[in-house]
Amino acid sequence: MEFAFDEADAAFRRDLVDFLDRELADGWERSEFGLGSAVHTDFSRKFVRTLAGRGWLTPHWPERYGGGGQGAWQHFVLGEEMWKRGEPRGPQYMNVNWVGPSLIKYGTEEQKRTLLPPIARGEVFWCQGFSEPEAGTDLAALRTRAVRDGDGYLLNGQKIWTSYADGADHCFLLARTGTVADGRRGISVFLLPLDTPGVEVRPIDGFVGDHSFNEVFLKDVWVPRSRLLGEENKGWDIVRRTLAYERVGAPRYARAALVLDGLADWSRTRGLLHDPGVQEQFGEARALCEAARLLVYRVIDERAKDKEPSPRANQARAAMVQAERAVGDLALDVMGSEALAEGSRGDAQFRNSLGAGIAAGSYEVQLNLITRLILKLPKE
Amino acid sequence: MSDPLVLTPEQEALADSVGRYCADHCTEEVQRAGSDAFPLPFWRGLAELGVLGLTSPSEGGGAGEVCAVAMELGRACAPGPWEGTVFAARTLPDAVASAVASGSRLVSFGSPPLMPWAPLAGVFVETDGVQAWLARPAGEVTPEETLGNEPWGRVALERVVPLDRVREATDLSHVALAGYLWGAGRRVLDTAAEHARTREQFGRPIGSFQAVAHPLVNAGLGLEAAHKLVLLAARALDGAHCQASGLAAAARLSAGRAATEAAFVAHQTLGAMGYSVEGPVGHIAQRIRHLSVVPAHAHGTGEQVLTMYAGSGRT
Ligand SMILES: Cc1cc2nc3c(=O)[nH]c(=O)nc-3n(C[C@H](O)[C@H](O)[C@H](O)COP(=O)(O)OP(=O)(O)OC[C@H]3O[C@@H](n4cnc5c(N)ncnc54)[C@H](O)[C@@H]3O)c2cc1C
């Protein structure tokens with residue numbers, strides 16, 4: 001394992017930083033706030049096209065699908081620089097990280113031909129239709145049904161907490177093609193265009209920034225067979241494999257560190273950094289951000305070497321949650337009442353850090369997996 | 001401890017009446033009322049119960065009464081400038097104090113420029129934690145939305161008259177806030193425990209997973225300790241004990257910490273539901289986090305706690 005970036009990666013990062021300095025100089029304000037807000041998503045629509053124009057939207061995809069054929073590290077450098085700026089790609093990071101790659105791995109030639117190019121050009125958004133009211137952590141309990149119907153399937157059911165669904169073009173949807181008793185073995189992936197008749201998206205008000213949460217209702221929604229990804233009933237494997245790296249797909253520590261820098265500036269100008277208590281808190285938060293960064297690098301290293309996904313990803317994700325929370329607490333402690341004003345750094349970081357332990361795999365589940373897979377303790 | 005740390009029967013009766021009033025009138029809508037829709041009728045109802053003028057020298061309500069009321073208001077997640085009202089009723093000249101006690105004027109209490117409740121306030125009280133002044137705005141109030149959904153504002157103040165009884169009013173306001181935070185913390189933790197009993201994943205209630213259960217227990221321990229501390233502080237204040245001020249400050253900090261932990265655990269227990277604005281804990285958790293932040297004028301609170309040691313005879 002080696003953590004010095006080689007010259008090519010370092011040069012890539014330099015180019016990227018220059019590019020972002022230029023591109024984000026205008027119209028990209030308050031970048032550390034509100035991933036998932038309408039303002040953010042609107043900005044990202046234009047921005048991802050520019051990024052695609054530079055070949056930097058999907059640099060790690062194979063060239064024949066509109067990628068640049070680059071490696072895992074470059075993909076990651078890209079993610080890190082984006083999160084440092086508050087992720088101007090908006091929901092697009094999901095396409096880039098796992099929607100596209102799973103299409104590349106499991107899609108038919110026709111699916112790849114029709115669905116990949118619009119992603120690579122930055123023209124479409126996808127959302128993730130996994131969670132249901134009764135199936136959260138226990139995702140394999142999902143009930144949305146897909147029944148064969150002529151040359152396709154009829155979908156019925158409900159998804160919930162679907163981020164970005166209100167503005168997305170497609171949904172990477174899990175539905176049950178087998179029986180509930182089949183558990184994981186009865187689930188399939190559908191690539192559902194959200195303008196299909198019978199799909200209804202209803203927003204849920206959330207308070208992690210203006211993050212858009214939605215319920216997605218499916219009533220007799222017909223999808224052609226050509227929209228099934230991979231084999232029927234093999235959806236769980238697809239999800240497990242393609243999302244293996246998604247635990248660390250969003251380098252949240254990079255944003256937390258950015259917020260921390262902002263807080264340090266804020267404190268410096270008010271003469272607060274002399275206080276030993278404040279110094280200690282800054283030190284701890286910074287250390288947690290750095291620890292998260294290194295643990296994530298370890299996972300990327302495995303990925304770059306094409307190793308099987310390992311529980312190190314769970315460690316890295318748990319560390320990221322800790323880092324985000326530490327920065328959130330620090331923000332409120334250091335800024336005092338000023339942190340309470342809506343839209344302040346303190347307020348935004350606190351809200352973001354609340355969600356960190358739930359979205360993309362809860363903190364408790366990470367700890368359970370670490371317990372079993374690393375400490376080798378028996379299951380509860 | 002020779003006598004149990006509980007409220008007196010009269011204080012219990014007061015708590016009951018406030019509790020009943022809140023059960024009937026502090027609806028979800030009232031609890032969540034935004035800055036543009038402060039529920040004045042609810043606030044005036046509290047005035048009719050005698051809650052807002054409780055601490056005026058003529059009423060002579062002590063820390064025990066403040067504590068009894070505060071815990072109920074916290075449980076109900078009642079909106080309004082409670083801490084400032086407790087302070088103002090004790091310190092303001094009669095004419096102004098009575099307008100506060102009747103609920104016809106709301107109090108903005110703090111240190112400028114960022115003042116709680118400023119856009120709606122009819123009385124401004126400035127404090128630096130040691131002294132306090134009746135004040136008036138020296139310009140426009142610029143409204144600010146806040147984490148805890150309280151209408152705050154930026155405003156420059158002009159001091160009008162210095163106020164008396166600042167020490168005792170500060171102690172009472174610490175108890176007022178501590179009691180409120182404890183009550184709100186208890187409420188979110190109860191809600192979370194109920195959720196852990198009923199929400200099933202993997203075919204069993206999530207509360208059967210120790211990863212879910214133990215944090216609830218720990219948060220509960222913190223709240224139990226804070227509860228005793230708030231009662232103890234109230235009793236010490238009413239008995240003019242030499243460590244009373246220190247205990248009041250300690251109660252404020254401990255209740256804030258315990259309630260914040262409870263809010264956090266509740267969020268984690270509820271999963272994504274915790275992030276839904278309409279969910280059962282989000283609005284309370286945010287208010288808890290908001291009220292637990294130590295404002296500039298209370299920065300001496302930690303040192304205040306240390307005065308307890310000075311009085312302990314060890315120095
Ligand atoms: C900001 C945000 C964005 C989201 N975006 C999406 C999205 O785009 N698409 C989508 O499909 N979903 C999305 N979700 C939903 C997310 O995937 C779920 O919230 C998550 O799977 C948890 O499910 P739940 O909320 O139902 O909580 P529950 O599963 O009910 O869990 C509640 C609590 O119990 C704990 N728990 C449950 N089982 C166990 C166990 N066996 N051992 C120990 N602890 C356990 C959990 O850790 C949690 O603390 C999002 C959530 C958030 C917060």
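The values are calculated or read from the model by the stated rules, or taken from the named source; none is laboratory data. Predicted model, so just to flag it, every value in this text is computed and none were measured. No Cβ is skipped: glycine too gets one built from the backbone with ideal geometry, and neighbour counts run over all protein chains shown. Please note that ligands, DNA and RNA were not included when accessible areas were found on the heavy atoms of the full protein model with its side chains. Shrake-Rupley method; radii C 1.70, N 1.55, O 1.52, S 1.80 Å.
Just to confirm my numbers, what's the Cα centroid distance between the stretch B:259-309 and the stretch A:81-144 in Å?
Their Cα centres are 35 Å away from one another.
Which residues, if any, in the stretch A:320-343 have at least 10 Å² less accessible area in the whole protein complex than in the isolated chain, probe 1.4 Å?
A:ARG325, A:ASP329, A:LEU332, A:ASP333, A:GLY336, A:SER337, A:GLU338, A:LEU340, A:ALA341, A:GLU342
List the accessible area buried at the contact between A and B, summed over both sides and calculated with a 1.4 Å probe, in Å² to the nearest 100. List each step's numbers first, then the result.
Working: alone 17610 and 14300 Å², together 28910 Å².
Looking at A and B, the buried total is near 3000 Å².
Quick check: from the Cα gyration tensor, does the stretch B:118-245 come out rounded (a/c under 1.5), prolate or oblate?
Details: a/c = 4.82, a/b = 1.70, b/c = 2.84.
Here the stretch B:118-245 falls in the oblate category.
Work out, in µm²/s and without decimals, the Stokes-Einstein translational diffusion coefficient of the stretch A:7-124 at 4 °C, 1.567 mPa s, Rh from Kirkwood over C-alpha pairs.
Details: Rh = 14.5 Å.
Approximately 90 µm²/s, per Stokes-Einstein.
Compute the angle between helix A:38-53 and the longest alpha-carbon principal axis of chain A, please, reported from 0 to 90 degrees and rounded to the nearest 10.
Between the helix axis and the principal axis of chain A, the angle is about 80 degrees.
Over chain A, what is the relative contact order in percent, taking alpha-carbon pairs closer than 8 angstrom and at least six residues apart? Working shown, then result.
Numbers: 665 pairs, mean separation 55.5, N = 380.
Once normalised by length, the contact order is 15 percent.
Hey, can you find the accessible area per residue of the stretch B:90-195 for me, probe 1.4 Å, expressed in square angstrom? Each step should come with its number before you reach the end.
Working: 3830 Å² over 106 residues.
The answer is 36 Å² per residue.
Regarding chain B, what's the average projected area of the Cα-atom convex hull, expressed in nm²?
Numbers: hull surface 67.3 nm².
Hull-based average projected area comes out at 16.8 nm².
Rolling a 1.4 angstrom probe over the protein heavy atoms, how many square angstrom per residue are accessible across the stretch A:127-233?
Details: 4510 Å² over 107 residues.
Here the per-residue accessible area is 42 Å².
Could you tell me which of B:GLY222, B:GLN304, B:THR269 has its Cα farthest along the dipole of the stretch B:167-312 towards the positive end, charges placed at Cβ (Lys, Arg +1; Asp, Glu -1), taken about the Cα centre?
Highest projection toward the positive end goes to B:THR269.
Give me the compactness ratio for chain A, meaning the Cα radius of gyration over 2.2 N^0.38 Å. Can you show the working numbers first?
Values: Rg = 20.9 Å, N = 380, 2.2 N^0.38 = 21.0 Å.
This ratio for chain A stands at 0.99.
In degrees, nearest 10, range 0 to 90: what is the angle between the Cα axis of helix B:82-91 and the longest Cα principal axis of chain B?
30 degrees
Quickly rank A:344-354, A:193-203 as a protection proxy: mean count of other C-beta atoms within 10 Å, highest first. Spell out each step's value before the answer.
Numbers: A:344-354: 24.9, A:193-203: 14.3.
Highest to lowest by the protection proxy: A:344-354, A:193-203.
Find out how many positive minus negative residues lie around B:HIS297, taking Lys and Arg as positive, Asp and Glu as negative, among other residues whose Cβ is under 15 Å from that of B:HIS297. Working shown, then result.
Working: positive: B:ARG159, B:ARG167, B:ARG252; negative: A:GLU338, B:GLU83, B:GLU126, B:ASP128, B:ASP171, B:GLU303.
Net charge in that neighbourhood comes out at -3.
Give, in whole angstrom and from largest to smallest, the semi-axes √(5λ) of the equivalent ellipsoid of the stretch A:223-380, with λ running over the eigenvalues of the Cα gyration tensor.
On the way: eigenvalues 257, 68, 38 Å².
Semi-axes from the Cα gyration tensor: 36, 18, 14 Å.
Treating the beta-carbon of each Lys and Arg as +1 and of each Asp and Glu as -1, no other charges, what is the dipole magnitude of chain B about its Cα centre, to the nearest 20 debye?
Working: 23 positive and 32 negative charges, 127 e Å.
Computed charge dipole of chain B: roughly 620 debye.
Using a loss threshold of 30 Å², tell me which positions in the stretch B:174-217 are less accessible in the complex than in their chain alone. Probe radius 1.4 Å, ligands and nucleic acids ignored.
B:ARG199, B:GLN201, B:PHE202, B:ALA211
Tell me, what is the percent relative contact order of chain B, built from C-alpha pairs under 8 Å that lie six or more residues apart?
Details: 614 pairs, mean separation 54.1, N = 315.
Relative contact order for chain B comes out at 17 percent.
Which value, in debye to the nearest 20, describes the size of the charge dipole of the stretch B:167-312 about its Cα centre when Lys and Arg Cβ atoms bear +1, Asp and Glu Cβ atoms bear -1, and nothing else is charged? Walk me through the intermediate numbers first.
Numbers: 12 positive and 10 negative charges, 31 e Å.
Dipole of the stretch B:167-312, to the nearest 20 debye: 140 debye.
Per Stokes-Einstein, at 37 °C and 0.692 mPa s, what whole-number D in µm² s⁻¹ belongs to the stretch B:173-315, with the Kirkwood radius over Cα pairs as the hydrodynamic radius? Please list the in-between numbers first.
Values: Rh = 16.0 Å.
This corresponds to a translational diffusion coefficient of 206 µm²/s.
Taking the alpha-carbon set of the protein assembly as shown, what are its Rg and Dmax in Å?
27.6, 88
At a threshold of 8 angstrom on Cα-Cα distance, excluding pairs fewer than six apart, so keeping six or more, what relative contact order does the stretch A:7-124 reach in percent?
Working: 117 pairs, mean separation 37.2, N = 118.
Reported as a whole number, the value is 32 percent.
Which of the residues in the stretch B:86-133 show a loss of at least 40 Å² in accessible area from their chain by itself to the complete set of protein chains, at a probe of 1.4 Å?
Flagged in the stretch B:86-133: B:LEU114.
Within the protein assembly as shown, what whole-number % of the accessible surface is contributed by carbon and sulfur, with the 1.4 Å probe and all protein chains included in the calculation?
52 percent
How large is the charge dipole for the protein assembly as shown, taken about the Cα centre, if only the Cβ atoms of Lys, Arg (+1) and Asp, Glu (-1) carry charge, to the nearest 20 debye?
Numbers: 72 positive and 87 negative charges, 381 e Å.
I would put it at about 1820 debye.
Determine, for each peptide in A:144-151, A:131-138, the mean count of other beta carbons within 10 angstrom over its residues, then list the peptides with the highest first. It would help to have the intermediate numbers written out before the result.
Details: A:144-151: 15.0, A:131-138: 17.6.
Averaged packing, sorted descending, gives the order A:131-138, A:144-151.
Which three semi-axes in whole Å describe the equivalent ellipsoid of the stretch A:127-233, each the square root of 5 times a Cα gyration tensor eigenvalue, listed largest first?
Working: eigenvalues 100, 53, 22 Å².
Those come to 22, 16, 10 Å.
Helix A:312-335 versus the longest principal axis of chain A: what is the Cα-based angle in degrees, 0 to 90, to the nearest 10?
Taking the Cα atoms of chain A, the angle to A:312-335 is about 50 degrees.
Averaged across the residues of B:141-149, what count of C-beta atoms belonging to other chains lies within 10 Å of each residue's C-beta?
Values: counts 0, 0, 0, 7, 5, 7, 12, 3, 2.
Mean partner-chain Cβ count within 10 Å for B:141-149: 4.
Sort A:53-60, B:171-178 for me by packing, meaning the mean count of neighbouring Cβ atoms within 10 Å per residue, highest on top. Don't skip to the answer; put the middle values down first.
Numbers: A:53-60: 19.2, B:171-178: 29.2.
Averaged packing, sorted descending, gives the order B:171-178, A:53-60.
Give the list, by residue number, of cysteines in the protein assembly as shown with no other Cys Cβ closer than 4.7 Å, or say none.
Lone cysteines by the Cβ rule: A:CYS127, A:CYS171, A:CYS289, B:CYS67, B:CYS77, B:CYS242.
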